[in-house]
Structures are given as structure tokens and as C-alpha cells.
Amino acid sequence: MMYDPPEPNKDPSSFFAAGRQASQEGLYDKAIAAYINGLRLAPETVDAHIELRLMALRRKEAGGAGPTEQEISRYTKGKTALDLMLGAEYLLAKDPTHLPYAEQLLRAAVAGGFKKTATWIADLIFLANNRAQRPSVRIYYLLKDAYTAIGAHDRAISACKKALKLNPDDKSLLRQLQEFQRQQLSSGLEQEDRDGLEGPLEKGGLVIPQETVASNTQASPEDTAFAAASLFFAKAADAAASGNYDYAIDLYIEGLRRAPEAVEEGHLPLARLALQRQAKGAKGPGVLEKARLWRARTPLDQMLAAEYLYAKDPSELSYAEAMLKAAVAGGFVKTADWIANLIFQTNNALPRPSFQVYVLLKDAYKSIGQLDKAVAACQRAMKLRPEDAALAEEFKNLSAELTVARGKYDTSKDFRGSIKDAERQAVLYGQDRIVKTEDWRRMAVEQARKAYNADPDLPKNILNLAASLSDLQTVEAEDEAIEILEQASKRLKDYSFKHRAGQIRIKQLNRLLREAKTELEKAPDDPEKKARVEQLTRQLHDFELDYYREAVQNYPTDLKLKYEYAIRLAKDGLYDQAIPLFQEAQKDPARRIAAMNQVGLSFMAKGWLNDAADVFNNALGEVEIKDDQMGKELRYNLACAYQQLGQTEKALEIFRKIAQQDYSYKDVSARIEALRKV
């Protein structure tokens, strides 16, 4: 449900009363609209903000759905600070654990001068960040700036202190803290101890035990270690960006020695770096480097030694296995879960999966309490050795343990309940989903179908059943999911369901096309297999073109959809239709440079070479790192434009610079040779 702005002469208290009444009746979406309308008339009514917040939490506990794509598109934009603030609060009410909405609300409140509201939401974010397992230094910087802007200097000092605990080497921040304290002393004010924010705890609408907040006033040894590790991770990222991969590996390993469980900050980027390094043709570990593993004594040393070798040779699965064994032995549960998931995926993808690896995974998952994954690994091992009676008995026992434990899992709260970065949640949760057992998926479908049959018009039930069916990854199940969504779209006159159906169809066609290409690689001269690939390629192309065209019509402000639609149009040579969409997509900061690049390519395809060169130059002026992938792409395209214009010297100079950085990039070396002969 979306809300419409109220008449300006209305009494805001009447809307708040209507919101309370609707909330008591369980009509939460109606309540949200009422509160937002009231706050439009009286935006500094903090009690109403708090009531809306509490109601949003009750709505989430009752299974309320998050905001639709249409709502997100509509309410992340606005003409005024008040529009932006209320749009963010509307989205936060629909998804009260999504921190970016709270951040957007805070920025808009500060920009609009709504000091009471800004103070309330800033305090709420402060508390949420304090109690997070790993508080975000970026959030503390945001809070410091927000509190400063609204004159809450005592709170700004607290945010500074928190940030300095995580980033003690920030000299600029230290000077700012000293200036805050000097100003406070000179004004005769006595600083309150705001590290725990006890006052806001009573007013902020969050039910947090007092001892939980108080425990965050001092940095724990883990916090200090992680702050130290973060410095190594930051230096490692810089080294990797400059192509100094071996030095970056050393830095990541040193950071992980201080924070062995830093999966997202250390292990994941190191794994990505390893693949980049391998793609550049770098050598594997030498004999002396391999000896590290055998000399290591403690589980931590063994884990890091194995990870070092794996970073040098990510195709050697035995290093990952050694890392997993050490992580389990050392009790590094998060790291063990991450590397086990990676090994599971790799072994599954092999033409001849290893029985011993599945047994290792089964034991590792069991040791760290991941019984559903242990069952999945055991299942895979049984398929390879169905005659193994001992394994069959263990599978039976593990399945029984899992059945008993599931009730506990259903009531437990894991990290997904905390307010954390959405991109990071998606990466980790996506890994968790990879190793769901077939039985688990079937059970999820049955549960979702029961709820759907009880109320087939409830959006949550429709989407859950469709998602569960899609998770089975069979054509029959996916087709049923698509049919359910399309029927709901017609019945409820809501395009968002059809939009979701289209996403499932695209995913299905991509999977079928990958499978067909794999089969064709096995028999490249088979005419039937060639025809199958061609048919699926055409089918995917035609469907995507229609899907994005209709999506843009229904979500005219969604810049991501416009960009994707334009990509398809450009591939078909429909540049006159694609260029205006790419130009609109430039308003999206996440796609601005990519969209400019596509405009330049479209101009080149039309023969507008001078215009293309201008666009590429403008885009390069906005790229912060000229040597990253996008910067390299832009420079290459600019050089191609110059080459076609006959400006040989300019083209050659750019191609030479690219080759000095990445000799194997596209056809740079051949173009240099050709230009030098001109």
C-alpha cells in the first residue's frame, strides 16, 4: 500500500490516532500510511516516530513483507528534504532492519533542519551500531557529522571516540575530537557520558537491555584486534588494486592473524585476489613456501599457512581442505563454514567429485554444528558409494539429529537479524543457500504451499511459494512458480508479481542455456545440440527484450531497469532508442560511468566519432581510479575512437599506456603493432 499526501489543513493528531487504531487491528500497512501522513504535517513529533518504529517491528514479527520495488523506486526520491525523509521512514517501516533506509532518513532530517527527528534516528542508529557484532566505522563517521550539523556536540564527541577505537590512526578525526572538546570546555558545558546513550535508550523505541548498551562503552580485545586487522586489510586492498598481488597476500594474512574470523573483510577479498592473480598467469607457491604448512604448529598457523598457499594456487583444492581442517581444529567456526561452502561448490562442479572431500565436509559441518549441510555432504558421498552401509547409517543418524535440532533453529536469532550492510548479507546468505539439501527444499515448498492455500491473496504467501518452487531449480517447479505469480498479477492487478515471474523465467533460461552449451562442448559437431543452443539464445534474447520493455513502462523511475533495457536495445543495434535510456541511467550513481561508456559506444556505432571521444573523455574525468577495470575500458574505447578518427598519435599513446599496465588486455598489442606501421 502506498500513501498519498494529506490535505495541509488537516489535524496531524487525527492521523496518529488513526495509525494507532489500525495498528491495534493488525492493519499495519494502513497504519504506516496514517503515521506518514501525520508526520508530513508535523514532522518533529518524535513520539509519533517512535510509535511508528515500534509498530514496524511488530509488523515484521507478524511476517509483514518488505517494500516492493515500485515503493523503493518511488520513496528513495523526492523534491524536498521532507519528501526524502518521509520516503525513507516509509521504507524503514516496511523493513525495519535495513540500515540504509535509516541512514537516508537521518541525512534528509539533517538537510531539512528537523533536529528532533535527526537526533532520534541518529540515537537509534548509534545504538544499533554499538550492539552490532562488528560496529561500522563508516556509521560512526556519519553520526559524527550528523550530530555536529544539528549542534549535538556531546553526541558528536561520543561518535568520534567510537570511530577512533576502530580507526586509531585517523589523525584528522583525532584533531576534530580535540577541537570538539576544546569548544565544549570553553563554553562551560560539562560533557555527558554519551557512549551508552542511556537517555535515547528510554526514548528511542528500541527494547535493548541496559547492560547490553553499557557493555559497548569500552572496546573489547576483539574490537581492538579487528581494528588493527582492518589496517592490514585496507593496505592489502590498495596493493591488490595496484597489481602488487604477492604483497597484498602477505598483508591479508597478517590481518587475518589478528582477526581470523574476518570472513567478509579478509578471507573473501583474499580469495578474489587469488583468482585475479591466477588469471594474470602468476606462479604458484615455491618449495620453501609449501614448507610453511608442514612447519606450522598451532591451528591458526596451519590455517593461515594453508590459506597462503591457496591464495598462490587457488586451483589446488588440497590447500583449501587443509585450511578447513585447521579452522575446525582451532574453533574458527565462521571461517570453517565459509571455506567448507567453497569446497562443497568446487567439488560439486567437478566432472568426477571426490568421495573423500564429501566425507571431510560431512565431518567438518558436523563439528561446527551445521547439521543440514552435513546431511547434504553425506548425501553426496552416498551417491558415489551407495553400497557403503556405515555411511548409510551415519546419514540416518545425522538426519535424525537434524530433525530434532530444526525446532531450535526456527527460534534462534542469527546475524541476519542485526542491522548490517545489505550487500554483505547477500553474499553470506547466498553461500548458505548453496548447500541446502533436496529434502530441505521440498519441505520448504510444502510449508509455503500450506500457507498459500490458506490465504492465496496474501502477497507474502504468493512470493514465498514462488521462491520455494524456484529454489528447486527444475523446469516443472519454476513453471509452476511463474504461473502462480502471473495469476496473482492478474487477480490482484499488481504488476510486481509479473515482474518477479519474469526474473524467474530469465534465471531459468540462463541455466538451460549454460547446460546446453556444456553439452555442445562435449560434442561440438552435433547439429541437434547446436540448434538447441541457438534456440535458447534466441528465446532468452526475445524474452529479456520484452521483459525489460514492460518493466520500464511499469517502473518509469527505476534507472537500473532503464540501463538493462538499453543494453538489450544496443545489442540489437537500436541505438537511437538506447542512447536516451543510457543518458537517463547516468542519474544513478552506481551506473553513471558505465552508462556514459555505453553512450560513447553507441555514438561510435552510429559513426559519431567526435561525440564518442567527448563522452569517453568526460567519463574518464569522473573515474577516480584510471587503472581499474572501468578506467581501462574507457581508455581503450577512447583510443579506438581516436584510431577511427585518424588521430594515430593520440590512439597509440593510450594503447601503449594500457599495454604497460596489462599487455593481454583485449587486442591492445595487435593495435599497437598496426599503428606503429602507419
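The values are calculated or read from the model by the stated rules, or taken from the named source; none is laboratory data. Bear in mind that the values here come from a model prediction, so they are computed numbers and not experimental data. Cβ coordinates were reconstructed from backbone atoms using ideal geometry, including for glycine residues, and neighbour counts include every protein chain displayed.
Quick notes on this structure:
- Every pair of residues 6+ apart whose Cβ atoms lie under 9 Å, when the first sits in the range 612-631 and is at negative phi and loosely packed, with under 13 Cβ neighbours inside 10 Å while the second is modelled with pLDDT of 90 or more and not aromatic (Phe, Trp, Tyr): 622/596
- Residue 53 buried (at least 21 other Cβ atoms within 10 Å of the Cβ) and either in the same structural domain as residue 119 (by TED's automatic domain parsing) or β-branched (Val, Ile, Thr) (or both): yes
- A residue that is of a type in the set (A, V, I, L, M), closer than 17 Å to residue 397 by Cα, touching a Lys or Arg at 6+ places or on another chain (Cβ under 8 Å) and crowded, with 24+ Cβ neighbours inside 10 Å can be found somewhere in the range 359-371.
- A single entry from 117, 148 fulfils the requirement of being crowded, with 23+ Cβ neighbours inside 10 Å, polar (S, T, N, Q) and more than 28 Å from residue 229 (Cα to Cα): 117.
- The range 608-637, residues that are assigned to a helix (DSSP H, G or I), hydrophobic (A, V, I, L, M, F, W, C) and within 22 Å of residue 242 (Cα to Cα): 619, 620, 630, 634
- The listed residues are 549, 491, and the only one of them that is part of a helix (DSSP H, G or I), of a type outside the set (S, T, N, Q) and within 29 Å of the chain's Cα centre (by Cα) turns out to be 549.
- A single member of 655, 603 is without any contact (Cβ under 8 Å) to a residue 60 or more places away in the chain, closer than 30 Å to residue 549 by Cα, surrounded by 15 or more Cβ atoms within 10 Å (Cβ to Cβ) and outside the structural domain of residue 77 (by TED's automatic domain parsing), and it is 603.
- Only a single item in (1) part of a helix (DSSP H, G or I); (2) modelled with pLDDT of 80 or more is not met by residue 135, and it is number (1).
Table: residues versus (1) surrounded by 14 or more Cβ atoms within 10 Å (Cβ to Cβ); (2) closer than 30 Å to residue 520 by Cα; (3) in contact with a Gly (Cβ under 8 Å, 6 or more places away or on another chain); (4) not assigned by TED's automatic domain parsing to the domain that holds residue 493.
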site	(1), (2), (3), (4)
534	no, yes, no, no
537	yes, yes, no, no
545	yes, yes, no, no
551	yes, no, yes, no
565	yes, yes, no, yes
585	yes, no, no, yes
588	yes, no, no, yes
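- Among the residues here, residue 381 does not qualify as surrounded by fewer than 17 Cβ atoms within 10 Å (Cβ to Cβ), assigned by TED's automatic domain parsing to the domain that holds residue 303 and either part of a helix (DSSP H, G or I) or under 24 Å from the mean Cα position of the chain (by Cα) (or both).
- Apart from one condition, residue 189 fits all of (1) at pLDDT below 80; (2) under 27 Å from residue 108 (Cβ atoms); (3) not in a helix (DSSP H, G or I); (4) not aromatic (Phe, Trp, Tyr); the exception is (2).
- Identity of the residue in the range 259-317, among the aromatic types (Phe, Trp, Tyr) and buried (at least 22 other Cβ atoms within 10 Å of the Cβ), that ends up farthest from residue 244 (Cα to Cα): 310
- Here residue 278 does not fit the description of being of a type outside the set (Phe, Trp, Tyr) and in contact with a helix residue (DSSP H, G or I) (Cβ under 7 Å, 6 or more places away or on another chain).
- Any hit, the range 303-315, residues being under 30 Å from residue 514 (Cα atoms) and of a type in the set (A, V, I, L, M, F, W, C): yes
- Residue check, residue 64 crowded, with 17+ Cβ neighbours inside 10 Å, under 30 Å from residue 461 (Cα atoms) and not assigned by TED's automatic domain parsing to the domain that holds residue 462: yes
- Residue check, residue 125 among the β-branched types (Val, Ile, Thr) and free of Cβ contacts under 8 Å to residues at least 24 places away in the same chain: no
- Of all residues in the range 70-100 being basic (Lys, Arg) and in a helix (DSSP H, G or I), the one that is nearest to residue 555 (Cα to Cα): 74
- Residues of the range 30-43 classified as in contact (Cβ under 8 Å) with a residue 40 or more places away in the chain and either hydroxyl-bearing (Ser, Thr, Tyr) or surrounded by fewer than 16 Cβ atoms within 10 Å (Cβ to Cβ) (or both), total: 1
- Figure legend. Inter-residue proximity from the range 140-168: first residues assigned by TED's automatic domain parsing to the domain that holds residue 112, second residues outside any helix (DSSP H, G or I) and among the charged types (D, E, K, R), beta-carbon distance below 7 Å, spacing 6+ or different chains. Indicated pairs: 154/192; 154/194; 155/194; 158/194; 158/195; 161/195; 164/170.
- Listed conditions (1) without any contact (Cβ under 8 Å) to a residue 24 or more places away in the chain; (2) surrounded by fewer than 21 Cβ atoms within 10 Å (Cβ to Cβ); (3) part of a helix (DSSP H, G or I) are all met by residue 237, apart from (1).
- Residue match in the range 575-596 (condition: modelled with pLDDT of 90 or more, touching a helix residue (DSSP H, G or I) at 6+ places or on another chain (Cβ under 8 Å), part of a helix (DSSP H, G or I) and more than 30 Å from residue 551 (Cα to Cα)): no
- Checking the range 637-644 against the condition returns no match, with no residue being in contact (Cβ under 8 Å) with a residue 24 or more places away in the chain, farther than 26 Å from residue 584 by Cα and within 32 Å of the chain's Cα centre (by Cα).
- Residues satisfying the stated conditions in the range 455-485, i.e. farther than 19 Å from residue 443 by Cβ, part of a helix (DSSP H, G or I) and more than 28 Å from the chain's Cα centre (by Cα): 483
- Boolean, residue 21 is surrounded by fewer than 17 Cβ atoms within 10 Å (Cβ to Cβ), modelled with pLDDT of 80 or more and in a helix (DSSP H, G or I): yes
- Residue 67 satisfies every condition listed in (1) in a helix (DSSP H, G or I); (2) at pLDDT 85 or above except (1).
- Considering 28, 90, the condition of being under 28 Å from residue 144 (Cβ atoms) and not basic (Lys, Arg) is satisfied by 90 alone.
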